[in-house]
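The values are calculated or read from the model by the stated rules, or taken from the named source; none is laboratory data. Fair warning: this is a prediction, and the values are worked out from it, not measured in the lab. Backbone-built Cβ (ideal geometry, glycine too); neighbour counts: all protein chains shown. The area values use the complete protein model at the heavy-atom level, side chains included, leaving out ligands, DNA and RNA. Shrake-Rupley method; radii C 1.70, N 1.55, O 1.52, S 1.80 Å.
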Amino acid sequence: MAEEYSLASTEADTFLPEALQFRPDTPLVDIGANLTHESFQRDLGDVLARARAANVTTLIVTGTDVAHAKQAVQMAQQYTGVYATAGVHPHDASGWDDTVAQEMQLLYRMPEVVAVGECGLDFNRNFSTPEQQEHAFEAQLALAAESGLPLFLHERDAGKRMQDILRSWRNDISQAVIHCFTADQETLHGYLDLDLHIGLTGWICDERRGHHLRDMVRDIPLDRLMVETDCPYLLPRNLPAKLKGRRHEPALLPWIVKEIARWHDVSDTELGAATTRTAQRFFRIKADA
């Protein structure tokens, strides 16, 4: 039976500076938390406790390969309000083979797994070749069509090719979210025209590189918008106090919601409630109070 993550120690109260301990009125869903990252190994219980204290009551833990997907499932089995995705990130697409496909098929039968991914295309770094990426991506689209699960997608510098592939699969797959969206307006509208969802992170809080998103946020209907930390990466730059180290965590999601709400011209509460409803519907999960 999954255990409730509650304040496990005084560290859960004191790790974040008081100025960063912000509890919004509405429960939030973090749709992209990389909690299998090694930086969370020593204090995962406290990280989850701080999330709960910040009213981040539901966490989708990202599985980027077979090993990390299995770790995410184990977390979901252990903790209430935690779910998993399972996929192969485009960086690791060169490792896709029949064995990986079979492992993924087994994972998609598990109730803790709520999406196929993180999968997609990344033509920015090309750690795997574009051809390898497209092969692994289309294989995972086929598995998503077979399982009926929604897709948790990664795309960087590959918007046109991603849209072409998704367009050819659109009648076969269910729902899909472009996680950690950072691209331009034309790409955004292309995804919205395909009836996709959009995940926004603390990138929008970064005045150096995320300012273009601020003018685009209102183009995203609230019933197609979800929020995420992508922790431990992308620590928001709008925090009112400094944090020890640079590790991001789910307890800071309310600060991202506040920034998105500002540019969407709605209240924090309205945006938080809408993104939570959207995430619950998208991932087919119940409310975790």
- Item | Of all residues making up region 187-211, the number that are touching a helix residue (DSSP H, G or I) at 6+ places or on another chain (Cβ under 8 Å), more than 25 Å from A144 (Cα to Cα) and either among the β-branched types (V, I, T) or open to solvent by 20 Å² or more (accessible area, probe 1.4 Å) (or both) | 3
- Query: What residue, of R246, R262, R281, is among the basic types (K, R) and closer than 25 Å to G190 by Cβ?
  - Reply: R281
- Does any residue of region 267-275 turn out to be exposed (fewer than 13 other Cβ atoms within 10 Å of the Cβ) and within 19 Å of the chain's Cα centre (by Cα)? no
- Expected single match for assigned to a loop (DSSP other than H, G, I, E, B) and closer than 30 Å to E38 by Cβ among G199, G245 is G245
- Return a yes/no flag: does region 45-62 have any residue that is modelled with pLDDT of 95 or more, open to solvent by 10 Å² or more (accessible area, probe 1.4 Å) and of a type in the set (S, T, Y). no
- Residue list for region 35-63, restricted to those being hydroxyl-bearing (S, T, Y) and part of a helix (DSSP H, G or I): S39
- Message: Exactly one of these conditions fails for V177: (1) open to solvent by less than 10 Å² (accessible area, probe 1.4 Å); (2) free of Cβ contacts under 8 Å to residues at least 60 places away in the same chain; (3) not in a loop (DSSP other than H, G, I, E, B). Give me its number.
- Response: (2)
- Note on the structure: Note on region 226-265: residues open to solvent by 10 Å² or more (accessible area, probe 1.4 Å) and of a type in the set (A, V, I, L, M) are L234, L235, L239, A241, L243
- Filtered residue count, region 141-156, keeping only those that are surrounded by 21 or more Cβ atoms within 10 Å (Cβ to Cβ) and assigned to a strand (DSSP E or B): 5
- Message: So for region 64-78 (the condition being in a helix (DSSP H, G or I), more than 20 Å from I285 (Cβ to Cβ) and either open to solvent by less than 50 Å² (accessible area, probe 1.4 Å) or modelled with pLDDT under 95 (or both)), does at least one residue qualify?
- Response: yes
- Note on the structure: Reported set for region 79-100 where residues are more than 22 Å from N126 (Cα to Cα), open to solvent by less than 30 Å² (accessible area, probe 1.4 Å) and of a type outside the set (G, A, S) is Y79, V82, T85
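Residues checked against (1) out of contact with any Lys or Arg (no Cβ under 9 Å at 6 or more places or on another chain); (2) aromatic (F, W, Y); (3) part of a helix (DSSP H, G or I):
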| residue | (1), (2), (3) |
| --- | --- |
| Y83 | yes, yes, no |
| V88 | yes, no, no |
| H91 | no, no, yes |
| V100 | yes, no, yes |
| M104 | yes, no, yes |
| V116 | yes, no, no |
| G120 | no, no, no |
| N124 | no, no, no |
- Does D30 satisfy the condition of being modelled with pLDDT of 95 or more, charged (D, E, K, R) and either in contact with a Lys or Arg (Cβ under 7 Å, 6 or more places away or on another chain) or part of a strand (DSSP E or B) (or both)? yes
- Here is a list of conditions, (1) closer than 20 Å to F282 by Cα; (2) loosely packed, with under 15 Cβ neighbours inside 10 Å, and F127 meets all of them except one; can you say which number that is? (1)
